[in-house]
Structure formats: structure tokens, C-alpha cells
Amino acid sequence: MPNVSENYINMNSSLIDKPIYRIMPIHRLLEVLEKKQLDLVKPIKWDDPFENFLLSRPWKTKSSSRIVTLRADVYGQCWTLHRETDAMWRIYSSDKQGIKVKTTPRKLLNALISNDPTYHSGRCFIGKVEYFGIKKLISAFNKIDLLVSNNLGIPKSLLLKRIEFSHEKEVRIIYSPDKTSASDIHHIRINPDDMFEQVVFDPRMNEELVCAYKLAIKKKGYPNEIKQSELYKPPKDIF
């Protein structure tokens, strides 16, 4: 694997092998296991309306008079450094049918690079989101040169968010393909057995459903740990 130090943004060496997590619907995991691919989406699909406003407005670059928008030709996927919180389950598994997968920034970036090994240095990135108040956020946007030669401008701009969302502790994988596409989704090939170190069911999911879904996941050949969160169970030996 080539040197990818510049492809990590806002991340030091202690973070690249630290666990990160993503909650998704159970049917999505089964699809990932079947197709062996992750779906990256254009930032327009992200939830924060203010963030989408910034990403869709025209920006003048410092290095030229060119006007660009940030969300047109880039794809991403959001993960978190939080191992588990009540809020994350309630937000991203509102129907109590979600599962959480565990991986690392290094594994995600390596998978992305494997899909574009020749030109990875200017297209494949992963980084930790930085959070600011609105004034500082806009100032940070204005300081970024979107067309710098190392192609870090647009990825850096996608790692800025309002302070009100700092509880998310987000990590984002970002990919800029060489061709513009009308599709809002970009697929990357992965090996789920290597990528996902653990699968955890929503702590509120019915036990019978947990057993059924465990069987379905195992039938897909997934060999790693599968369990249900114990977030709401009382500590052992409490009485």
C-alpha cells in the first residue's frame, strides 16, 4: 500500500487505527454483505441544512477567478468516533431496527484507495470533522483554497461543521472521481469480513428478531463478532 499520510486530514497517527462506528438499517448491512460494496453519497444527501447551503453556494477560489461549488463532483460517508450513545441509537435507528458496524480509518481509506490505486493521492481522503461557531465556520471556509495543487481544498471544506453538531464526533471518508456523474451514489468494493470487525444490534430490538438477523448475517458468511448492545441492561452483580 502506498504512502497515504496526506490522505488523512485532521488526524494524527494515534487516530488512524482507532475504532470508528456507523449505524445503518439491518437490510442495508445484508445488502453490503451480499454485494460487497459500500455506497458513498453526494453531500447534498447529508442532513444539516446549513451545511448543504455552504456546500451548494458558489465559492471563488484564491488561486484563480474560477467559481466552483463543493458538492457537485464529490462523494462521502459519515462515521463516528463514539462507541455508543443513547442519542446515536435514537437518531440513526429510530425504528429500533438498526445495527452498528465497527472499523478503523485505515481500513476505510485502504479500501477506497484499492478502488482507485493509481490516482489515490488526489482523490481518496478520510478526516475528522472540525466544529466551529457560524462566524468562525464561514471564516474557515473562506481561508480554504479549493483548487490547491494537492487537491486538499475540497476535502478540507467537507470537514467543517457547526459547533451544535460537535456531539457527533464525525469522521468522513471523501472521494473525488475523475469524471462528473449524475448519480448521487458511488459504489466502492470492499471485503466486509475484513472491514467490519464487529456487528452490534440496537439495544431495543426484540430478541427474536436479533436471533433471526444473526442467522441471516451468518448465512452471508460473516465470521466476526455479532451481538446485541447492552446499553440499557443493568450492570452485572448490581444486587
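The values are calculated or read from the model by the stated rules, or taken from the named source; none is laboratory data. Worth saying up front: this structure is predicted, and the values here are computed from it rather than measured. Here the Cβ positions follow ideal geometry from the backbone for every residue, glycine too, while neighbour counts run over all protein chains shown. Calculation scope for accessible area: heavy atoms of the full protein, side chains included, ligands and nucleic acids excluded. Shrake-Rupley method; radii C 1.70, N 1.55, O 1.52, S 1.80 Å.
Worth a mention:
- When LYS143, LYS128, LYS60 are checked against the criterion of being at pLDDT below 85 and in contact with a strand residue (DSSP E or B) (Cβ under 8 Å, 6 or more places away or on another chain), LYS60 stands alone in meeting it.
- Filtered residues of the stretch 183-208 (kept if more than 13 Å from TYR75 (Cβ to Cβ) and either among the charged types (D, E, K, R) or over 20 Å from the mean Cα position of the chain (by Cα) (or both)): ARG189, ASP193, ASP194, GLU197, ASP202, PRO203, ARG204, MET205, ASN206, GLU207, GLU208
- Selection count, the stretch 112-128, where residues are closer than 13 Å to LEU159 by Cβ and in contact with a Phe, Trp or Tyr (Cβ under 8 Å, 6 or more places away or on another chain): 3
- Of the helices (runs of 4 or more DSSP H) contained entirely in the stretch 108-204, those carrying at least 1 residues that are surrounded by fewer than 16 Cβ atoms within 10 Å (Cβ to Cβ) and not aromatic (Phe, Trp, Tyr) fall at 134-143, 192-195.
- Residue pairs meeting the criteria (Cβ under 8 Å; at least 6 apart or on separate chains; first farther than 13 Å from HIS27 by Cβ, in the stretch 202-223; second among the aliphatic types (A, V, I, L, M) and in a helix (DSSP H, G or I)): GLY221/LEU33; TYR222/LEU33
- Looking only at the stretch 16-36, and only at residues there that are farther than 22 Å from ALA87 by Cβ and not charged (D, E, K, R), the one that is most open to solvent (accessible area, probe 1.4 Å): HIS27
- Residue check for SER229: without any contact (Cβ under 8 Å) to a residue 12 or more places away in the chain and either among the hydroxyl-bearing types (Ser, Thr, Tyr) or under 24 Å from LYS42 (Cβ atoms) (or both): no
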